[in-house]
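Asks: For reference, the structure I am asking about is given below.
The values are calculated or read from the model by the stated rules, or taken from the named source; none is laboratory data. Just so it is clear, the model here is predicted, and its values are computed rather than measured. Cβ atoms come from the backbone with ideal geometry, glycine included; neighbour counts cover every protein chain shown. Protein only, heavy atoms only, side chains kept; ligands, DNA and RNA dropped before computing areas. Shrake-Rupley method; radii C 1.70, N 1.55, O 1.52, S 1.80 Å.
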Amino acid sequence: MASSPVKRLNTIAELRAWRKEQGTRTVAFVPTMGALHEGHLSLVMQASGLAEVVIASIFVNPLQFGKNEDFDKYPRVVEQDIELLKSVGASAVFTPSADEMYPTASTFVVEENLTRVLCGAFRPGHFKGVTTVVMKLLNLVQPDIAIFGQKDAQQVLVIEKMVEDLNLPVKIVRGPTIREKDGLALSSRNAYLKPEEREAAPLLFKSLVAAKLAYEAGERDALRLTKIGRAVLEKQPAFQIQYWEIRHPKTLQLLTTIDDEGALMAVAAYLGKTRLIDNILLT
Ligand code: AMP
C-alpha cells in the first residue's frame, strides 16, 4: 500500500487549521526533536494503533538546552525525517521555528519535585524547558493521546505529573526503549560518538543489566545493586559517570530496599563530549 504524504505544518495557524479538519477523529501525538531513528518511529507506529490520526512534531527546543550544551550542533535533518514519518504512516508533522514557538516568552511551566534529582540536578532549567514546550505543544495539537519514550524515564514521569497536576485532557502513553543489537539505546546523540566511544557505549546498558540480574537472583538491597551496576561502568575509564541510582519508579525518592512497587535504575554518563542516559524499570 502506497503511503500518503505527510502534511508539513510550519506555523501555529496551519497547525490549528489542520487540527480543525480532523473533526471528531482521534489524534495521537509524538513530540520529537528530529534526527529520527527507530526509537522515534516505534512511537509513531504505536500511536497509529491507538488513534485514527497521528501527528509528530520536530522542534529542537532551545529552552531545554543549557548554555554549554549541544543546541547548535544538534542534528537537523527535517527532509529525511519527513520521509521516515511517511514510511510509518504519520499524517502530519509540526515543524515550527523557534520564533514561531517563542516570539516572547515570560510564562513557563515548572514541576518542582521530580525535577530536582537525576538529570534535573545536572541540567538546571532543562525540565522547565521540557514542561513548557510540551504544555505548549499539547495546547496547540490538542491530541487525545501523546506518546513518550521510556528511554527518557524522568521526562515521561514529569510529563505525567504535569498532566495530572494541571488536569490536561490528554492520555500519556509510554513506549518501550528501542536498542541497537549490542544494547545501546538508540539516541540522536549516538551520532556524536567517535568509533572507540561507540564501541564502549553498550557498557551503559550492560551496567543496568548486571544490576537487574542480581535483582532477579533475589538481591533487594538498593545500595548493593547500585555498587554492582556502577562497578561495571567504572571498569571503562572513558565514562565519566554523573549518576547511577536506584529510585522509586513514581516519586523518584532514593531507595534503600526494593519492594513490590519496583524501582527505576537510571544512569547518566559522559563518553568523551557526549552525554548518554539509560534506564531499566524493575517491576
Ligand atoms: P527526542 O527527539 O530525543 O526528544 O525524543 C523524542 C521522543 O522519542 C521522546 O519521547 C523520547 O523518549 C523518545 N525516544 C528517544 N529515544 C528512544 C528510544 N531509543 N526508544 C524509544 N523511544 C525513544
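Asks: On the given criteria, is Gln150 out of contact with any helix residue (DSSP H, G or I) (no Cβ under 6 Å at 6 or more places or on another chain), of a type in the set (S, T, N, Q), surrounded by 18 or more Cβ atoms within 10 Å (Cβ to Cβ) and over 17 Å from Val27 (Cα atoms)?
Replies: yes
Asks: Kindly establish whether Leu271 is at pLDDT 95 or above, of a type outside the set (Gly, Ala, Ser), over 29 Å from Tyr74 (Cβ atoms) and buried (at least 19 other Cβ atoms within 10 Å of the Cβ).
Replies: no
Asks: Sticking with this structure for a sec: Any residue at all in segment 1-13 that's assigned to a loop (DSSP other than H, G, I, E, B), open to solvent by 40 Å² or more (accessible area, probe 1.4 Å) and within 27 Å of Ala191 (Cα to Cα)?
Replies: yes
Asks: Residues that are touching a Gly at 6+ places or on another chain (Cβ under 8 Å) and within 12 Å of the ligand (Cβ to nearest atom): does segment 80-94 have at least one?
Replies: Yes, segment 80-94 contains at least one residue that is touching a Gly at 6+ places or on another chain (Cβ under 8 Å) and within 12 Å of the ligand (Cβ to nearest atom).
Asks: Moving on to the next point. Mind listing whichever residues of segment 80-121 are free of Cβ contacts under 8 Å to residues at least 60 places away in the same chain, touching a helix residue (DSSP H, G or I) at 6+ places or on another chain (Cβ under 6 Å), open to solvent by less than 60 Å² (accessible area, probe 1.4 Å) and more than 23 Å from Ser188 (Cβ to Cβ)?
Replies: Val109, Glu111
Asks: OK, next. Looking at segment 14-59, which of the residues that are of a type in the set (Lys, Arg) and touching a helix residue (DSSP H, G or I) at 6+ places or on another chain (Cβ under 8 Å) is nearest to the ligand (Cβ to nearest atom)?
Replies: By that ranking, first place goes to Arg19.
Each row is one residue, and each column tells you yes or no for (1) modelled with pLDDT of 95 or more; (2) more than 16 Å from the ligand (Cβ to nearest atom); (3) open to solvent by 50 Å² or more (accessible area, probe 1.4 Å); (4) at positive phi.
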site	(1), (2), (3), (4)
Gly175	yes, no, no, no
Leu184	yes, no, no, no
Asn190	yes, no, no, no
Lys194	yes, yes, yes, no
Arg198	yes, no, yes, no
Pro202	yes, no, no, no
Leu213	yes, yes, yes, no
Gly218	yes, yes, no, yes
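Asks: Let me ask you something else. Within the group Ala153, Ala146, which residue is under 20 Å from Thr115 (Cβ atoms), in a strand (DSSP E or B) and of a type in the set (Gly, Ala, Ser)?
Replies: Exactly one of Ala153, Ala146 is under 20 Å from Thr115 (Cβ atoms), in a strand (DSSP E or B) and of a type in the set (Gly, Ala, Ser), namely Ala146.
Asks: Could you list all residues from segment 117-158 that are aromatic (Phe, Trp, Tyr) and over 14 Å from the mean Cα position of the chain (by Cα)?
Replies: Across segment 117-158, the qualifying residue is only Phe122.
Asks: Would you please name the residue that is farthest from the ligand (Cβ to nearest atom), looking only at residues in segment 153-171 that are open to solvent by less than 40 Å² (accessible area, probe 1.4 Å) and over 29 Å from Gly183 (Cβ atoms)?
Replies: Here the residue is Leu168.
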